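Presented below is the structure to which this report refers.
The values are calculated or read from the model by the stated rules, or taken from the named source; none is laboratory data. Treat the numbers as computed from the prediction; the structure is a model and nothing was measured. Note: ideal-geometry Cβ built from the backbone for every residue, glycine included; neighbour counts use all protein chains shown.
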Amino acid sequence: MTEAPEDRRIPSAFVARASWIVFSFALFLRLIGIGWGLPDDLHHFSYHPDETVNVLVAQQIEPAKFDFDPDFYNYGTVYLTVLSVGSSLAGALMGSGTEDPTAVYGFLGKSILMGRLASSLAGAGSVVVVFLLLRRWVRIRFAFAGALLLAVAPAHVVHSRFATVDILAALFVALCLHFSLKLLRAPSEPERDEVFNRKQVLLAALFAGMAAGTKYNAGLVVLAILAAIWLAKPKRPAMLTAQVIGVAAVAFALSTPGVFTNSEAFWRDFSYELSHAREGHGLVFVGRGPGFLYHLLNLAVGFGLIASLFGAVGLVTPRPEYRRVAWIVLAFAAPYYVLMGGSNVMFLRYTFPLMAVLSVGAGLLLDRWKDAPRANAAAVAIWFLAFAGIDGTGLMQAARTSVWMNGPDPRDTTARLLIENMKKEPGTTVGLASDPWYYTPPLEPSVGMPRPAFLRSGAEYMAGLAQQGIFRYAPADFSQRIDFDDRLLSEMNPTYVVFSSFEASDLDRLSRQRELPEKFRGQVEQYRRFMDQLKEGYEPFVAVGGGVPQVHDLEYIRPTIWVWKRK
């Protein structure tokens, strides 16, 4: 039997207190800036493009009436149910029957905040799960070290402040891995009976089903359970495998009952997600290379280059007695990475389940060299560089993004500047290069309305904005409008032109590439014409924001806003 580490004798009460310390630190980081971009007097919708939609969809769920059908299945129903409960709490806190015109966006803001709190708790919970998972196999200081890498992972910290599905899905994945590994007996643990093993595995299956019910592809974590059964060789493995598949399937069906109760809507939206993965996300990932490579960049930015390499080495070179631990974790991580890499939609947030996996690898690597003083000192030094963020990530970047999210948003700053100028100089007009959305400075409080709402009433809304001196060029047939239409400059000739990095950066990047897919060449040429004409008649007035890595779903918190002024 492998000799147990000397700190294995630490009382369970100490481990519980240590877990609370890890949880509290991770939660503290995630609560800083949690009020970022919430609806207020200046803008009535969240600066995150998905949060408002999530809250509105969640209103269709009524747990008290056992109605769990949101008629929306781009992802499972678990997080939307959490958000529905949070919205009910927000409504109870606000009261009802008020005639205050701010009540609608006030309710929206409080509902989003409840969803963000749930994400923050899930994010901190994921850190604790990594700590407890590692605690069974390595010395407690190495369990701390592995968990702390996830605690300060910049993208994980940022997205734990969003009312979205990704962090909760990652928590369920981590829980599934933790209970899957309990099928293996760690050093110094006593022999367990078959009943104990079955309970752990079925708990893992429950969390696998919940993971799929939060975000479909997270259900791949069931492969880790199957690998654990194969490697641990329990009694009656075939029966246990069947039970795992059954429990996971039931958990998914109960958490997303629309699979059966509204199968038409489920397959409509599930099919959309499949086609979305094939077709891509507009220009965002065009010319970025294959997903297998691009997600390495996502991990380097969102988790840390040093941390990612450190964790990966730990997973492929564990101590011999811990190889099965690594294999079980990789039984999920490898197929999941292949699935991500084959998609043409490559958001950073898709890598969150892998961040827990890499954190486990980091703990295993530190433990590997515990008996070799020089190697151990080198490993600890590398870990510290990863934790501190010497590569521009880690704690330093988590702190930097926290400061940004706790301060004024570039959209607010730009809007206040332009509104003040419009008041000072009657007749001043502002031109928008594309449809207003979450990235647009709120020159009018509703510019960030959800995309479906704008598609229904965009023409009427833009006509109203034009009366306030805010223009977006569109022909008589509003459906024929194009982004960066140079007729905005030649025919409408606004005093200022404003656009964001979300609108311009991908076009600018592609305009410098020689080879472009035929379907995107027209958009890029249109952008070039617009910019050429803009530079002739306008000059840069102000640029606000920026500084975050140019990764789409990290830029939410601090896009660059450019304002040009007519010469």
Against the definition (under 24 Å from residue 321 (Cβ atoms), assigned to a helix (DSSP H, G or I), of a type in the set (A, V, I, L, M) and touching a residue at least 12 places away in the same chain (Cβ under 8 Å)), how does residue 225 come out, yes or no?
yes
Residue hits (the range 114-130; buried (at least 23 other Cβ atoms within 10 Å of the Cβ) and more than 23 Å from residue 39 (Cβ to Cβ)) are 124, 126, 127, 128, 129, 130
Residue 429 farther than 28 Å from residue 553 by Cα, modelled with pLDDT of 95 or more and surrounded by fewer than 21 Cβ atoms within 10 Å (Cβ to Cβ)
yes
Here are 498, 548: which of them is surrounded by 16 or more Cβ atoms within 10 Å (Cβ to Cβ), touching a strand residue (DSSP E or B) at 6+ places or on another chain (Cβ under 8 Å) and closer than 24 Å to residue 49 by Cα?
498
Take residue 249 and tell me if it is under 30 Å from residue 188 (Cβ atoms), at pLDDT 95 or above and either assigned to a helix (DSSP H, G or I) or of a type in the set (S, T, N, Q) (or both).
no
In this structure, does residue 202 turn out to be in the same structural domain as residue 79 (by TED's automatic domain parsing), surrounded by fewer than 24 Cβ atoms within 10 Å (Cβ to Cβ) and closer than 15 Å to residue 182 by Cβ?
yes
For the range 533-550, how many residues meet the condition of being among the β-branched types (Val, Ile, Thr) and modelled with pLDDT of 95 or more?
2
Options 456, 416: the member that is under 30 Å from residue 157 (Cα atoms) and of a type in the set (D, E, K, R):
416
Within the range 295-339, count every residue that is surrounded by fewer than 21 Cβ atoms within 10 Å (Cβ to Cβ) and β-branched (Val, Ile, Thr).
4
Please determine, by comparing only the residues of the range 342-351 that are under 24 Å from residue 548 (Cα atoms) and not hydrophobic (A, V, I, L, M, F, W, C), which one is surrounded by the fewest Cβ atoms within 10 Å (Cβ to Cβ).
344
Find the residue count for the range 418-471, including only residues that are charged (D, E, K, R) and assigned to a helix (DSSP H, G or I).
6
When the range 289-304 is examined, which residues are found to be more than 12 Å from residue 355 (Cα to Cα) and among the hydrophobic types (A, V, I, L, M, F, W, C)?
292, 293, 297
Being among the β-branched types (Val, Ile, Thr) and closer than 15 Å to residue 555 by Cα is the filter here; which residues of the range 398-417 pass it?
401, 403
From 184, 171, 149, residue being modelled with pLDDT of 95 or more and over 14 Å from the mean Cα position of the chain (by Cα)
149
Output the residues belonging to the range 496-526 that are touching a helix residue (DSSP H, G or I) at 6+ places or on another chain (Cβ under 8 Å), over 19 Å from residue 435 (Cβ atoms) and not in a helix (DSSP H, G or I).
516
Selection within the range 369-388 - crowded, with 21+ Cβ neighbours inside 10 Å and either at pLDDT below 95 or not assigned by TED's automatic domain parsing to the domain that holds residue 153 (or both)
379
Hits in the range 30-60 - residues which are aliphatic (A, V, I, L, M) and buried (at least 24 other Cβ atoms within 10 Å of the Cβ):
55, 58
